[in-house]
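K.L.:
Pasting a structure here, questions to come.
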Amino acid sequence: TMQYSLIRTLVARINIGFSQNSIQNVVSAPMLAQNPNNFPRIPNNYTTFGNSKSKSYIIEPQLEYNKTIKKSEFKILAGLSFQQSTIEGSLIQGINFNNEALMQIISAAGSISTRSNRYYEYKFASVFSRINYNYNNTFIANLNFRRDGSSRFGPGKEYGNFGSVGTAYIFSEEKFIEKLIPFLSFGKIRASYGITGNDQIADYQYLSTYTPGSAYSGTSSLSPSRIANPEYSWEANEKFEIATELGFLKDRIRFSIAWFSNQSKNKLVGFPLASQTGFQSYQANLPATVRNSGLEMDLNALIISSREFSWNSIFNFTQPKNKLVSYPDLAKSPYANIYVVGKDLSIVKRFQFLGVDPQDGRVKYLDVNKDGIISSPADDVIVGKASPDFYGSWGNKFSYKNFELDVFFQFVKQMGTTMAIFGGFMNNMLNEVMNRWQKPGDITNVPQASAWPTNPAFFDNANLPLSSAAFGDASYTRLKNLSISYSLPAAWLSKIKLQKVRFYIQTQNLWTITKYKGYDPETQNNGFPPLKTVAAGLNISL
């Protein structure tokens, strides 16, 4: 970074960066390294020779103008950005080395089994500007604009315009506020709106590309590896936020509340294709508008502060919302059975569980299309959503003389995948399986146990994990962290000539309150629950 003051109010600056990485590797596998089970197929020894090199640079010249006029302060920035990165590499594999002492030399190979090369180039150019205005540290305004160009888009689609505007009013600096609300130490209202772009996809997605294949009759071959789509362009994300920040009693209490709304358009996705096309997907802009909005609150309070005892508490709360605002011709798209306009993107579609027939103990499902057959997606209904309704945390820190106690809770209000309750299989089950239907007239929501395909109830039970019976409340409150520590007094430390001696006990996931039917409400049935840990230790500083 270099800068030079042209005049007192005008500064020229340039940022330059360059990096390069090179890797060369040789991986040999002699006969003794082969799996003995492969020997009937006469395996070959082989050596793989590979090399790759990546380099990138960035150049950003800028001009910054600063001017103060009475209580007004202006900062104006204008600049350019040029970036380029390249990745290139090759790989070749030789097999059937007659002398394994020469496996580090490719010319000693009996034949070449694999050859491949790659080269990627990415270029990015931008012009940008920013204007900052500050009036008496009370009113602040920022205005940003940039025009970006990326080589990851096809002809005519390379450029996008983006910008933002933000304002803030620190009303606690006003004299009349100090007189009107003397216990208010800080007060701020802020709002912002902006559009950001995204080009974070692989290179050359808009082109038809081919990959070298194996030789056929002595002639090299090519196979298509990507289908062309030169029509996609920049992804755009609109972001709006309005917030208030307050401080009371010389900032012993800090509180903030914010409402945000982020709207995504032209999202860059791998658009699914039918397998008959020869490709699984192609790069495209999703013709959908998705809105994420929500409310966020934070509270930080120093409740007690004395010479020997203090108590600090932190609380935060978030209520997110998600909605598919629009999707033209959704019914004709690959996502017809996944999303619904006006609904959350995380909606869960399953069979609607109607209970157990008291006469024969079989499961009953809602037959949406009235055809007498329960099948997906014809009989799927929306049973809930996977995203949380709200979540947050509450942390407290207590200090008394040389003792410290930290307690941290987290809570989530959500639905999730639960365990389907039915018996007859060699699995661990919830205790509720003991309430299964056993004879005509039994009133229960647990079907008869069945493990044999010849029993019609077997197929009914097999659909339970795909129904609303296995989707329910997954809310929880968890004591996430609990720690206690004790530090030796300074008088003791001076006698033993140590700076610090601290004993501590730390725990994680110590206690959970939940009605969730499954392994764990946080991970649900997607893996092991978080470990409950207890650790004790001693820190000594000389």
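The values are calculated or read from the model by the stated rules, or taken from the named source; none is laboratory data. Every value quoted in this text rests on a predicted model; they were computed, and no experiment measured them. Backbone-built Cβ (ideal geometry, glycine too); neighbour counts: all protein chains shown. These area figures cover heavy atoms from the full protein model, side chains too; ligands, DNA and RNA do not enter into them. Shrake-Rupley method; radii C 1.70, N 1.55, O 1.52, S 1.80 Å.
K.L.:
Considering Leu249, Leu268, Leu273, which residue is among the hydrophobic types (A, V, I, L, M, F, W, C) and crowded, with 18+ Cβ neighbours inside 10 Å? First the steps, then the outcome.
P.N.:
On the way: Leu249 fails: crowded, with 18+ Cβ neighbours inside 10 Å; Leu273 fails: crowded, with 18+ Cβ neighbours inside 10 Å.
Leu268 is the lone residue from the list that is among the hydrophobic types (A, V, I, L, M, F, W, C) and crowded, with 18+ Cβ neighbours inside 10 Å.
K.L.:
Right, next: Can you name the condition, by its number, that Gln104 falls short on among (1) open to solvent by 40 Å² or more (accessible area, probe 1.4 Å); (2) part of a strand (DSSP E or B)?
P.N.:
Condition (2) is where Gln104 drops out.
K.L.:
Could you check, for region 194-214, whether at least one of its residues is of a type in the set (Phe, Trp, Tyr) and open to solvent by less than 40 Å² (accessible area, probe 1.4 Å)?
P.N.:
Quick first cut of region 194-214, residues of a type in the set (Phe, Trp, Tyr) only: 204, 206, 210.
Checking the rest, the ones that are also open to solvent by less than 40 Å² (accessible area, probe 1.4 Å) come to none.
Scanning region 194-214, I find no residue that is of a type in the set (Phe, Trp, Tyr) and open to solvent by less than 40 Å² (accessible area, probe 1.4 Å), so the answer is no.
K.L.:
Oh, and also: Going by what's in this entry, would Ile303 be described as farther than 25 Å from Glu241 by Cα, open to solvent by 70 Å² or more (accessible area, probe 1.4 Å), in a strand (DSSP E or B) and not acidic (Asp, Glu)? Quick ask: steps written out before the conclusion?
P.N.:
Details: farther than 25 Å from Glu241 by Cα: yes; open to solvent by 70 Å² or more (accessible area, probe 1.4 Å): yes; in a strand (DSSP E or B): yes; not acidic (Asp, Glu): yes.
Against the criterion (farther than 25 Å from Glu241 by Cα, open to solvent by 70 Å² or more (accessible area, probe 1.4 Å), in a strand (DSSP E or B) and not acidic (Asp, Glu)), Ile303 qualifies.
K.L.:
Also, I was wondering about something else. Mind checking which strands (runs of 3 or more DSSP E) fall wholly inside region 336-424 and carry at least 1 residues that are under 30 Å from Ser305 (Cβ atoms) and hydroxyl-bearing (Ser, Thr, Tyr)? Full working, then the answer.
P.N.:
Details: elements: 347-350, 353-356, 363-365, 381-385, 390-400, 403-413, 415-417.
By residue number, 390-400.
K.L.:
Against the definition (at negative phi, among the hydrophobic types (A, V, I, L, M, F, W, C), at pLDDT below 95 and under 35 Å from the mean Cα position of the chain (by Cα)), how does Leu286 come out, yes or no?
P.N.:
Values: at negative phi: yes; among the hydrophobic types (A, V, I, L, M, F, W, C): yes; at pLDDT below 95: yes; under 35 Å from the mean Cα position of the chain (by Cα): yes.
So Leu286 passes the test.
K.L.:
Within region 171-199, which residues are touching a residue at least 40 places away in the same chain (Cβ under 8 Å), over 23 Å from Leu299 (Cβ atoms) and part of a loop (DSSP other than H, G, I, E, B)? Step through it out loud before you land on a result.
P.N.:
The initial filter retains those residues of region 171-199 that are touching a residue at least 40 places away in the same chain (Cβ under 8 Å), namely 172, 183-199.
Narrowing further to those that are over 23 Å from Leu299 (Cβ atoms): 193-199.
Asp199, the sole residue that qualifies.
K.L.:
Right, next: Anything in region 367-401 that is open to solvent by 60 Å² or more (accessible area, probe 1.4 Å), more than 21 Å from Phe471 (Cβ to Cβ) and within 25 Å of the chain's Cα centre (by Cα)? List them, or say none.
P.N.:
Correct list: Trp394 only.
K.L.:
Enumerate the pairs (first residue in region 518-542 and under 30 Å from Ala386 (Cβ atoms) and open to solvent by less than 90 Å² (accessible area, probe 1.4 Å); second residue anywhere and β-branched (Val, Ile, Thr) and outside any loop (DSSP other than H, G, I, E, B)) with beta-carbon separation below 6 Å, excluding pairs fewer than 6 apart on the same chain, so at least 6 apart or on different chains.
P.N.:
Final answer for the pair search is Pro521/Thr514; Gln524/Thr417; Asn525/Thr417.
K.L.:
Name, by its number, the condition in (1) open to solvent by 50 Å² or more (accessible area, probe 1.4 Å); (2) assigned to a strand (DSSP E or B) that does not hold for Pro230.
P.N.:
Against the list (1) open to solvent by 50 Å² or more (accessible area, probe 1.4 Å); (2) assigned to a strand (DSSP E or B), Pro230 comes up short only on (2).
K.L.:
Now for a separate question. Here are some conditions: (1) over 43 Å from the mean Cα position of the chain (by Cα); (2) under 30 Å from Ile16 (Cα atoms). Gly110 meets all but one. Which one does it not meet?
P.N.:
That leaves (2) as the condition not met.
K.L.:
Another question about this same structure. Report, ordered by the first and then the second residue, all pairs with beta carbons closer than 7 Å, sequence separation of six or more or different chains, a first member in region 304-316 that is in contact (Cβ under 8 Å) with a residue 24 or more places away in the chain, and a second member that is open to solvent by 50 Å² or more (accessible area, probe 1.4 Å) and polar (S, T, N, Q).
P.N.:
From residues that are in contact (Cβ under 8 Å) with a residue 24 or more places away in the chain, the pairs are Ile314/Asn300.
K.L.:
Please verify whether region 256-266 includes one or more residues that are of a type in the set (A, V, I, L, M), at pLDDT 95 or above and out of contact with any Lys or Arg (no Cβ under 6 Å at 6 or more places or on another chain).
P.N.:
First pass over region 256-266, keeping only residues of a type in the set (A, V, I, L, M): 257-258.
Of the ones still in play, those that are also at pLDDT 95 or above are 257-258.
The next check asks that each one be out of contact with any Lys or Arg (no Cβ under 6 Å at 6 or more places or on another chain); those that pass are 257-258.
Yes, region 256-266 has at least one match.
K.L.:
Just give me the residues in region 69-113 being of a type in the set (Ser, Thr, Tyr) and in contact (Cβ under 8 Å) with a residue 40 or more places away in the chain, in sequence order.
P.N.:
Here is the first cut: in region 69-113, the ones of a type in the set (Ser, Thr, Tyr) are 72, 81, 85-86, 90, 107, 111, 113.
Within region 69-113, Ser72, Ser81, Ser90, Ser113 meet the criteria.
K.L.:
Next question, about the same structure. If a residue must be under 24 Å from Pro529 (Cβ atoms) and among the acidic types (Asp, Glu), how many such residues does region 448-499 contain?
P.N.:
So the answer is 1.
K.L.:
For region 307-335, give me each residue that is open to solvent by less than 60 Å² (accessible area, probe 1.4 Å) and either closer than 30 Å to Gly441 by Cβ or part of a helix (DSSP H, G or I) (or both). I'd like the intermediate steps shown before the answer.
P.N.:
So the first thing to find is which residues in region 307-335 are open to solvent by less than 60 Å² (accessible area, probe 1.4 Å), and the list is 310, 312-313, 316-318, 320, 322, 324-327, 330, 333, 335.
The one that is open to solvent by less than 60 Å² (accessible area, probe 1.4 Å) and either closer than 30 Å to Gly441 by Cβ or part of a helix (DSSP H, G or I) (or both): Leu330.
K.L.:
To continue, here is another question. Consider region 9-45. How many of its residues are open to solvent by 50 Å² or more (accessible area, probe 1.4 Å) and out of contact with any strand residue (DSSP E or B) (no Cβ under 7 Å at 6 or more places or on another chain)?
P.N.:
10
K.L.:
Can you tell me which residues in region 206-227 are part of a strand (DSSP E or B), in contact (Cβ under 8 Å) with a residue 24 or more places away in the chain and over 24 Å from Ser111 (Cβ atoms)? Can you show your working first?
P.N.:
Narrowing region 206-227 to residues part of a strand (DSSP E or B): 209-216, 219-226.
Subset that is in contact (Cβ under 8 Å) with a residue 24 or more places away in the chain: 212, 224, 226.
If the condition is that a residue be part of a strand (DSSP E or B), in contact (Cβ under 8 Å) with a residue 24 or more places away in the chain and over 24 Å from Ser111 (Cβ atoms), then Pro224, Arg226 are the ones that fit.
K.L.:
If you don't mind, another one. What residue, among those in region 46-61 that are among the small types (Gly, Ala, Ser) and over 14 Å from Gln84 (Cβ atoms), is nearest to the chain's Cα centre (by Cα)?
P.N.:
Step one: filter region 46-61 for residues among the small types (Gly, Ala, Ser), giving 50, 52, 54, 56.
Restricting the remaining residues to those that are over 14 Å from Gln84 (Cβ atoms) gives 50, 52.
Details: Gly50: 33, Ser52: 30 Å.
If we take residues in region 46-61 being among the small types (Gly, Ala, Ser) and over 14 Å from Gln84 (Cβ atoms), then Ser52 is nearest to the chain's Cα centre (by Cα).
K.L.:
May I pose another question? Looking at region 3-57 only, could you name the residues that are farther than 30 Å from Ser107 by Cβ and among the hydroxyl-bearing types (Ser, Thr, Tyr)?
P.N.:
Within region 3-57, Tyr4, Ser5, Thr9, Ser19, Ser56, Tyr57 qualify.
K.L.:
I've got another one for you. Within region 482-493, identify whether any single residue is free of Cβ contacts under 8 Å to residues at least 12 places away in the same chain and of a type in the set (S, T, N, Q), and answer yes or no.
P.N.:
Filtering region 482-493 down to residues free of Cβ contacts under 8 Å to residues at least 12 places away in the same chain leaves 490-493.
Next, only the ones that are of a type in the set (S, T, N, Q) stay: none.
Checked against the condition, which is being free of Cβ contacts under 8 Å to residues at least 12 places away in the same chain and of a type in the set (S, T, N, Q), region 482-493 yields no hits at all.
K.L.:
Which condition breaks for Ala236 when tested against (1) in a strand (DSSP E or B); (2) hydrophobic (A, V, I, L, M, F, W, C); (3) surrounded by fewer than 16 Cβ atoms within 10 Å (Cβ to Cβ)?
P.N.:
Failing condition for Ala236: (3).
K.L.:
Scan region 46-87 for residues that are open to solvent by 40 Å² or more (accessible area, probe 1.4 Å) and either within 30 Å of Asn136 (Cα to Cα) or hydrophobic (A, V, I, L, M, F, W, C) (or both) and report the count.
P.N.:
18
K.L.:
For region 336-366, give me each residue that is acidic (Asp, Glu) and open to solvent by 30 Å² or more (accessible area, probe 1.4 Å).
P.N.:
If we filter region 336-366 for residues that are acidic (Asp, Glu), which is where we start, we get 344, 357, 360.
If the condition is that a residue be acidic (Asp, Glu) and open to solvent by 30 Å² or more (accessible area, probe 1.4 Å), then Asp357, Asp360 are the ones that fit.
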